[in-house]
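Chemist: Here it is, the structure, as structure tokens.
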Amino acid sequence: MIQAAGLTKRYGEKTAVDDVSFTVRPGVVTGFLGPNGAGKSTTMRMIVGLDRPTAGTVTVNGAPYARHRAPLGEVGSLLDARAVHPGRSARDHLLAQARTHGLGRRRVEEVIESTGLGPVARRRAGTFSLGMGQRLGIASALLGDPRTLILDEPVNGLDPEGVLWVRTLLRGLAAEGRTVLLSSHLMSEMALTADHLVVLGRGRVIADAPLAEIVARAQTATVRVRTPMTAELERELRRRPGVGVTSVERDVLDVTGCTAPEVVAAAATVGVAVHELAPVRTSLEDAYLRLTADAVEYRSTPVPGAPAPGRASLGGSR
């Protein structure tokens, strides 16, 4: 279990983490989300003792990380997959770590095989691709068979098989009763992996709830309709109180304040042909973007003509 209470970190006049409190419980995968600059990396560094809090406390399995006599057996972490001596082989890197905790060669070989590093175990880490570097980082995190796992962007650079492997691994570890904290910017993968979310924005917690609850809060009653006669249908719908209409793309409208049967009835009234009709389901990405809309510190400029974030065609995934 990870417990943060009033966790604060300042760098001069800059407050990176501001009075953050949350609990990461065993048996679930907790997603750790937030825009760039929100304080996620700083918080994870404080959890494993790489940064000292300005105020507040954080414990792992009941004690600060630095007080654990055998930390690899308590916490396995992947914060930077590049933090490996480039001239050392994958096997030697893991053996060096294992010796600090009295772990034998057998355990090293187990994690090499389980992470798919067998064919490249004798190669220097500096020659690894991004994906293989990630596998080595995960192997290091798993080496001590820890009760708690903290992974920052673990699927970065992995192929589809590797992404599925990480997802299955983390779900399996949580099912064993272990504590899993996962940070990632891939909302589609987070939606498939996490049970609970902690979301930071500008150094503060802006959400701490089950994933399903966060998505449900953002759900709106929206009907998407495809018709070649959007102007006629929009004109008829806007005559009705409380109905909102948004043009998504050519021949596609999003309608709020109106049920699907009511949209069909309106279309029939003015002789509009409806080619497709479906409810719009809010995705985790949609919910996240709405939740963090006021907490984005580094905002990109939209490309002219590009669809708005969260928009998709009627047949697209949401």
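The values are calculated or read from the model by the stated rules, or taken from the named source; none is laboratory data. Nothing here was measured: the structure is a model prediction, and the numbers come from that model. A quick note on method: Cβ atoms are made from the backbone with ideal geometry, for glycine too, and the neighbour counts reach across all protein chains shown.
Chemist: Looking at (1) in contact with a strand residue (DSSP E or B) (Cβ under 8 Å, 6 or more places away or on another chain); (2) farther than 18 Å from Leu197 by Cβ, which is the only condition Gly31 fails?
Modeler: Single failed check for Gly31: (2).
Chemist: Report yes if some residue within segment 139-152 is assigned by TED's automatic domain parsing to the domain that holds Val75, in contact with a Pro (Cβ under 9 Å, 6 or more places away or on another chain) and part of a helix (DSSP H, G or I); otherwise report no.
Modeler: Within segment 139-152, one or more residues are assigned by TED's automatic domain parsing to the domain that holds Val75, in contact with a Pro (Cβ under 9 Å, 6 or more places away or on another chain) and part of a helix (DSSP H, G or I).
Chemist: Further question: Name every residue in segment 127-155 that is free of Cβ contacts under 8 Å to residues at least 40 places away in the same chain and farther than 22 Å from Arg91 by Cβ, in order of residue number.
Modeler: Passing the criteria: Glu153, Val155.
Chemist: Residues of segment 168-197 being farther than 23 Å from Ala81 by Cα and buried (at least 19 other Cβ atoms within 10 Å of the Cβ), which ones?
Modeler: His196, Leu197
Chemist: Just one of Leu103, Leu181 is outside any helix (DSSP H, G or I) and touching a strand residue (DSSP E or B) at 6+ places or on another chain (Cβ under 9 Å); which is it?
Modeler: Leu181
Chemist: Among the hydrophobic types (A, V, I, L, M, F, W, C), in contact with a helix residue (DSSP H, G or I) (Cβ under 9 Å, 6 or more places away or on another chain) and closer than 30 Å to Arg171 by Cα, is that true of Ala194?
Modeler: In short, yes.
Chemist: Right, something else. Name the one entry in Asp18, Asp51 that is surrounded by 14 or more Cβ atoms within 10 Å (Cβ to Cβ), in contact with a strand residue (DSSP E or B) (Cβ under 9 Å, 6 or more places away or on another chain), assigned to a loop (DSSP other than H, G, I, E, B) and charged (D, E, K, R).
Modeler: On inspection, the qualifying residue turns out to be Asp51.
Chemist: Still on this structure, I have one more. Could you please find all residues in segment 97-138 being in contact with a His (Cβ under 9 Å, 6 or more places away or on another chain) and within 25 Å of Glu74 (Cα to Cα)?
Modeler: If the condition is that a residue be in contact with a His (Cβ under 9 Å, 6 or more places away or on another chain) and within 25 Å of Glu74 (Cα to Cα), then Leu136 is the only one that fits.
Chemist: Let me ask something else. Could you check segment 1-25 and list, in sequence order, the residues that are farther than 22 Å from His196 by Cα and among the charged types (D, E, K, R)?
Modeler: Lys9, Arg10, Glu13, Lys14
Chemist: Here's something else I'd like to know. Quick check, is Leu164 within 20 Å of Ser183 (Cα to Cα) and surrounded by fewer than 16 Cβ atoms within 10 Å (Cβ to Cβ)?
Modeler: Here the answer is yes, as Leu164 does meet what is asked.
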